[in-house]
Amino acid sequence: MNSRTLVILAAALIIVVVIIVAATLLFTPGQTEPAFQAAVAFVEAAARGDDAAALALVSPAIRDAAAAGCPEGSLSACVDAYTPPEWGDLKSVVFRRATPDGESWDVDLISYYAANRGASGVCIYARMEPVDGSWQVTRYAGFIHCADPAWRDISSNPDAPNSEP
C-alpha cells in the first residue's frame with residue numbers, strides 16, 4: 001500500500017469513530033436527564049425528612065399510601081424505616097442506570113450512608129413518569145443492598161421489598 005491509501009484508510013477510520021461517539025452521545029441519556037434528577041431529588045428529600053419536597057415529586061397514589069400507611073402519614077418516616085438506624089444518615093445518592101419504557105423511565109440509584117454502610121451500594125428503584133411537563137415517581141422499591149437477590153428484576157417484581165404503591 002502506498003501512503004495515499006494509508007491516509008485515506010486512516011481518515012475513514014477516524015470518521016467512523018467520530019460517528020460512533022456522536023451516536024452514543026446523542027442516544028445515551030446522561031445523568032442530567034430531568035427524570036433521573038427528579039429520582040435523585042426524591043430520595044434525597046425523603047432521606048433528609050423533607051416531606052414537602054418528597055411529596056411534590058411523587059404520584060397521588062404514593063401520597064395516599066404514605067398518608068394511610070406511614071408513621072404520622074410521613075413519607076420520609078417510611079423511607080427512614082427501610083434502613084437500619086446503625087447505618088446513620090444518607091450521605092449521597094447517585095444515578096446508576098435507567099431503562100426507557102415508552103415515555104417513562106425505570107431508574108436505578110445507589111445510595112451511601114454515614115456509618116460506612118452501603119459502601120458497595122444500597123440500591124433504589126424509581127419508576128419515573130412524565131406528568132404535566134415534569135417527572136413524578138409513580139413507584140419505588142429497594143433501599144436494599146445491591147447484592148440482595150430481591151434486587152433482581154425489581155422493576156417488574158410485584159413483591160419487591162419496600163415497594164410503594
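Things worth noting here:
- Selected residue (only one of SER163, SER134, SER104, SER74 is out of contact with any Pro (no Cβ under 8 Å at 6 or more places or on another chain), in the same structural domain as PHE36 (by TED's automatic domain parsing) and not hydrophobic (A, V, I, L, M, F, W, C)): SER74
- On inspection, GLY142 passes the criterion of being modelled with pLDDT of 90 or more and within 16 Å of ALA47 (Cβ to Cβ).
- From the list SER120, SER92, SER59, SER111, the lone residue that is at pLDDT 95 or above and either within 17 Å of ALA41 (Cβ to Cβ) or in the same structural domain as ALA39 (by TED's automatic domain parsing) (or both) is SER59.
The values are calculated or read from the model by the stated rules, or taken from the named source; none is laboratory data. Treat the numbers as computed from the prediction; the structure is a model and nothing was measured. Counting neighbours? That spans all protein chains shown, and the Cβs are built from the backbone with ideal geometry, glycine included.
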